[in-house]
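The structure appears right after this line, and notes come after that.
The values are calculated or read from the model by the stated rules, or taken from the named source; none is laboratory data. Worth saying up front: this structure is predicted, and the values here are computed from it rather than measured. Note: ideal-geometry Cβ built from the backbone for every residue, glycine included; neighbour counts use all protein chains shown.
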Amino acid sequence: MHGSLSTDTGALILAIAGRIGAGKTTVANYLVQSYGFQRLSYSAMLKDLFRANRDLNCEPTRHDLQELGNLLTNVVGHAGLTAMLMRAIRENRVVVDGVRHYDGYQYLVRQYGRHCRLIFRDLPISLRYRLHNERLGESRTTSFAHFQRMDGHPGEAGTDALEMHADFCLPWFENIAQLHQAVDGIVSTLLSHTSGTDSTAASTYRCR
């Protein structure tokens, strides 16, 4: 059944939250590649909906996706939008890439209970801007002023409030190997069958 999750001890929903450019998808892709998680992305779902309802031959911009997301949440709410996303569950380990509002996270908690954990990526805007442009490439870089406007869009307003509810907070790391090591520690702890046992990495990045 769509949206269902087995209740065995290996079941796990990891929700990833953070501002634009914080590296949420970097974490999500690592979980997919290293641990076989299924990635569910709000942005990917919105892109599919945009393409299905527009007779266009171009990719939607971030602003397009933000506006579509706002339109949908005005109709179904953040919990409803998350419910739409979670219909695509196929695996028992799922990473939800891009949670942006407390109501969306609470939907996951209500549906999946102890199997759900929240990871928050916390980076200053200067670093997020740099990483954003690195991902775009030289031919598509955006100005800092434009990045600030995207970051200040109403659709991003609920993101910061999620930090206080996060189980783990991942800061800036000097290299990708350090980020991977931190994620490894978190996953190892969450998948451990030994109750109450934290790896050193997981303990370091616990928020609560």
Handout entry: Filter pass, HIS101 being in contact with a Gly (Cβ under 9 Å, 6 or more places away or on another chain), in contact (Cβ under 8 Å) with a residue 12 or more places away in the chain, farther than 17 Å from ASP48 by Cβ and buried (at least 21 other Cβ atoms within 10 Å of the Cβ)
Key = yes
Practice task
Take TYR112 and decide whether it is surrounded by fewer than 23 Cβ atoms within 10 Å (Cβ to Cβ), assigned to a helix (DSSP H, G or I) and in contact with a Leu (Cβ under 7 Å, 6 or more places away or on another chain).
Solution key: yes
Exercise for the section: For VAL94, state whether it is closer than 28 Å to GLY36 by Cα, out of contact with any Lys or Arg (no Cβ under 9 Å at 6 or more places or on another chain) and modelled with pLDDT of 95 or more. Expected result: no
Exercise for the section: List every residue pair whose Cβ atoms sit under 6 Å apart, with the two residues 6 or more apart in sequence or on different chains, where the first one lies in the stretch 166-184 and is closer than 12 Å to TYR205 by Cα and the second, anywhere, is of a type in the set (Asp, Glu). Expected result: CYS169/ASP122; PRO171/ASP122
Problem - Unique match (being hydrophobic (A, V, I, L, M, F, W, C), modelled with pLDDT under 95, touching a helix residue (DSSP H, G or I) at 6+ places or on another chain (Cβ under 7 Å) and not in a helix (DSSP H, G or I)) among ILE20, ILE16 - result: ILE20
Exercise for the section: Please tell me if GLY137 is within 26 Å of LEU108 (Cα to Cα) and either among the small types (Gly, Ala, Ser) or modelled with pLDDT of 90 or more (or both). Expected result: no
Completion exercise
Within the stretch 105-118, the count of residues that are in contact with a helix residue (DSSP H, G or I) (Cβ under 8 Å, 6 or more places away or on another chain) and in contact (Cβ under 8 Å) with a residue 60 or more places away in the chain comes to 6
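Out of ARG135, ARG149, ARG90, I need the residue that is basic (Lys, Arg), in a loop (DSSP other than H, G, I, E, B) and either touching a Cys at 6+ places or on another chain (Cβ under 8 Å) or farther than 17 Å from ALA15 by Cβ (or both). Which one?
From the options ARG135, ARG149, ARG90, the qualifying one is ARG90.
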